[in-house]
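> Following this message is one structure expressed as structure tokens.
The values are calculated or read from the model by the stated rules, or taken from the named source; none is laboratory data. These numbers were taken from a predicted model, which means no experiment stands behind them. Cβ placement follows ideal geometry from the backbone for every residue including glycine, while neighbour counts extend to all protein chains displayed. Accessible surface is based on the protein model in full, side chains and every heavy atom, while ligands, DNA and RNA are left aside. Shrake-Rupley method; radii C 1.70, N 1.55, O 1.52, S 1.80 Å.
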Amino acid sequence: RIQILFERMVLSEDTIQSLISELQSAINYDTWGQLIEAIDCYKKLVEKLTQNLDVDASCVANQRIHNCCNTCKKRIIYLEKPGSIEHVTLKDVKLISSEMELLGPCKDRHRNRKSANSNPKAEANGSSLFIHTSYNYKEKKKPGYTYITVYLDKVGLKDATYLLDCFITMYIKDSSEKDLAPMQDTGISNNKNIPYIIFNYNINIPIPLECIPLDGAIFFELNHFKPKKVTSSCKCFAVMDYDEIKEGPAALELYKKPIDFKKKNLTLVSSKPLWLHVTLKMEKYEERKP
């Protein structure tokens, strides 16, 4: 019954990407304090979302769109008249992307996307040769600077079986909690090899290593979908300090929510040896001669 409700309304890949792109523009302007531009982008996003409402679609699908619209509208009101409405944070807005993903061709949109080298046997064992990569920001790379790609492999949790539609949000911040780069999300994953949730996802960091200060850190927030509340929620998080940003594999400890960007109250999720497994690839950019 639930599966039928989800499949009655499906938005195309292009539509989903268009919505997420508009959302990302709004978040970027919002993060940088360009409120007029942010409000304009939020309004455009609400208009695009409303155009995709379908009276014949399931109440679940339409509810997702309404939730996204309401969050954007509340953020607009808050930016226009601070204090006039309950504070809708940027974190609340960022969770909209996971709602949009669920309106796509299938609940786990990346699960059925295979590369030419995809291995059915490997997928059956909870792994895949296909690695999805985040979209790069359209910023010109600086010659002589080092750029980082973070490969998010898997995360281990004792209750991984019960978590739905998981995704990881990556932040890069300094000790004052200032964003050094726009946040980025992985795709949604329901691919599991218990006790692990498999992501197979690359995220390209848009700023070079040389632009990350010594007090900077990379934060990884694991989110999952709660059907009863029809929203996504933080499960736990991991952090990689500046001195840990090195090429090669790393296993990061998992801490209890909420995410603590100041790193003052870090409590391990479990005493069991379960971590977020990542691999960093670094490449010094050299401008090609014409």
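> Where does each of HIS277, HIS66, HIS224 land when they are ordered by accessible area, with a 1.4 Å probe and the largest first?
The most accessible residue leads, giving HIS66, HIS277, HIS224.
> Sticking with this one: Normalise the Debye intensity by I(0) for segment 168-260, one equal point scatterer per Cα, no solvent, then take log10 at q = 0.19, 0.22, 0.25 Å⁻¹ and round to two decimals.
-1.01, -1.31, -1.56
> Distance check, please: which entries in LYS94/LYS226; LYS142/LYS262; LYS94/LYS228; LYS44/LYS74 exceed 24 angstrom between their Cα atoms?
Listed pairs above 24 Å: LYS142/LYS262.
> For LYS256, LYS173, write out the residues from largest to smallest accessible area, computed with a 1.4 angstrom probe and no ligands counted.
Sorted descending by solvent-accessible area, the residues read LYS256, LYS173.
> Pop the C-beta distance of LEU35 and HIS66 into the FRET formula with R0 = 30 Å and round what comes out to the nearest 0.05.
Calculated value: 0.75.
> Given H placed on each backbone N at 1.01 Å, which residues far from ASN193 in sequence or on other chains put an amide H within less than 5 Å of it?
ILE198
> Please calculate the 1.4 Å probe accessible area of CYS41, with all protein chains present, and give it to the nearest 10 Å².
10 Å²
> Tell me, in nm to one decimal, what length is gained between ASP215 and ASP241 on full extension, where the rule is 0.36 nm per residue of separation less the Cα-Cα distance?
Using 0.36 nm per residue and subtracting the Cα-Cα distance, I get 8.6 nm.
> Between their Cα atoms, which of LYS48/LYS173; LYS229/LYS263; LYS178/LYS272; LYS48/LYS81 are more than 26 Å away from each other?
LYS48/LYS173; LYS229/LYS263; LYS178/LYS272
> Measure out, as a whole number of angstrom, how far apart the alpha-carbon centroids of segment 166-215 and segment 229-290 sit.
7 Å
> Place a label point 7 angstrom from the Cα of GLU177 along the Cα-to-Cβ direction, then list the residues of segment 88-103 whose backbone nitrogen is under 13 Å away.
Within reach of a label on GLU177: 89-92.
> Another question about this same structure. How far apart, in nanometres, would the label points at TYR78 and VAL230 be if each is projected 7 angstrom from Cα along the Cα-to-Cβ direction?
With each label placed 7 Å out from Cα toward Cβ, I get 2.0 nm.
> Now, a different point. When the chain is fully extended, how far beyond the present Cα-Cα distance does SER21 get from LYS142, taking 0.36 nm per residue of separation?
41.1 nm
> What ranking of LEU152, LEU266 comes out by heavy-atom accessible area, probe 1.4 Å, highest first?
LEU266, LEU152
> Tell me the accessible surface of LYS81 in square angstrom (1.4 angstrom probe, heavy atoms of protein chains only), to the nearest ten.
140 Å²
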